[in-house]
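The values are calculated or read from the model by the stated rules, or taken from the named source; none is laboratory data. Since we're looking at a predicted model, the values are computed, not measured. Cβ coordinates were reconstructed from backbone atoms using ideal geometry, including for glycine residues, and neighbour counts include every protein chain displayed. Side chains included, ligands, DNA and RNA excluded: accessible areas come from the protein's heavy atoms. Shrake-Rupley method; radii C 1.70, N 1.55, O 1.52, S 1.80 Å.
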Amino acid sequence: MRVLERVGLGTALAATATGVILIGACSQQVPGNPEANVTELAQYTSEVAASSAAASSSKAARIEAANDTACDGLRAANKSSVTSFNAYIDASNNRAPDTDSKANEAVTTLRNNAKDLDRKITPDVIAELSVPLGAYRDQTNTLADTLDRRAPTDELNTVIDAFNASKDEAIEVCQPYGS
């Protein structure tokens, strides 16, 4: 045991001596005046500005693309929804034998289009678009639900009016976006 105690004591003394030397070496001041390297500072500042501008430009492009995608999604969804719903209305008005199947097709189309549009309303879409697009999506689902339960004509017409109002607003705000 005595050998191990001596080795331990020797190791502790060596570590202490090393620490004292390092502390002594780090406590000395270096003479001179601190000065920035003007060339490197200018280069660094330029790189930071360029990086910031690139990030800002990239974010703006991402937002513009999201807005375009959402508005194009609205146009496609609306065209498909209106076509399918009008096919049901025509069948219903003419008391066609396929009225029920046309209603089911319209319900499916409306719900699928609402889901598709919902996926396109990403966090990058500006609020001026996402709010009316969300309202249109919600009205599309409401119309699908109302038709699915075969609501009375008066109720269905009220829902159609709300759907059309949300559609008109969404199409209006999307005028500058998409194709």
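Kindly indicate the residue of region 106-156 that is β-branched (Val, Ile, Thr) and part of a helix (DSSP H, G or I) and also surrounded by the most Cβ atoms within 10 Å (Cβ to Cβ) among those meeting that condition. Restricting to residues being β-branched (Val, Ile, Thr) and part of a helix (DSSP H, G or I), the top hit is Thr140. Screening Asn164 with (1) of a type outside the set (Asp, Glu); (2) open to solvent by less than 40 Å² (accessible area, probe 1.4 Å); (3) in a helix (DSSP H, G or I) gives one miss only, at (2). If the condition is being among the polar types (S, T, N, Q), part of a helix (DSSP H, G or I), more than 35 Å from the chain's Cα centre (by Cα) and more than 12 Å from Arg150 (Cα to Cα), then region 82-100 contributes only Asn93. Would region 68-78 turn up any residue that is modelled with pLDDT of 95 or more, of a type in the set (Asp, Glu) and open to solvent by 70 Å² or more (accessible area, probe 1.4 Å)? Looking for residues that are modelled with pLDDT of 95 or more, of a type in the set (Asp, Glu) and open to solvent by 70 Å² or more (accessible area, probe 1.4 Å), one finds none in region 68-78, hence no.
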